[in-house]
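Report on the following structure.
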């Protein structure tokens with residue numbers, strides 16, 4: 001099953017910060033918004049893998065594709 005998550009981005013002094021709205025623990029930074037978007041995708045993937053290994057429930061996303 002493919003979940004869609006909603007990302008929000010903030011301009012910060014070092015570039016951009018991105019966060020998944022449905023899963024606030026998934027957060028990262030990048031120098032450009034494109035870098036931040038790619039890093040956020042990677043952070044989301046890693047968090048999903050970690051939750052699966054720990055047999056935790058993965059929050060459902062129903063927002064927009066990243």
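Values quoted throughout were computed directly from the atomic coordinates according to the rules given, and no laboratory measurement underlies them. What you see is a predicted model; the values in this text were computed from it and never measured. Counting neighbours? That spans all protein chains shown, and the Cβs are built from the backbone with ideal geometry, glycine included.
Cβ crowding within 10 Å ranks 32, 6 as 32, 6, fewest other Cβ atoms first. Taking the Cα atoms only, what angle lies between the long axis of helix 33-53 and the longest principal axis of the chain, rounded to 10 degrees? Once rounded, the angle reads 20 degrees. At full extension, residue 49 and residue 22 could sit 8.0 nm farther apart than now, given 0.36 nm per residue minus the alpha carbon distance.
Measuring nothing but how far apart in sequence close Cα pairs (under 8 Å, 6+ apart) lie, relative to its length, the chain scores a relative contact order of 37 percent. Where only DSSP H runs of four or more residues are counted, the chain gives -11000 deg cm²/dmol as its mean residue ellipticity at 222 nm, each run worth -39500 (n - 2.57). Normalised by 2.2 N^0.38 Å, where N is the number of residues, the C-alpha radius of gyration of the chain stands at 1.10.
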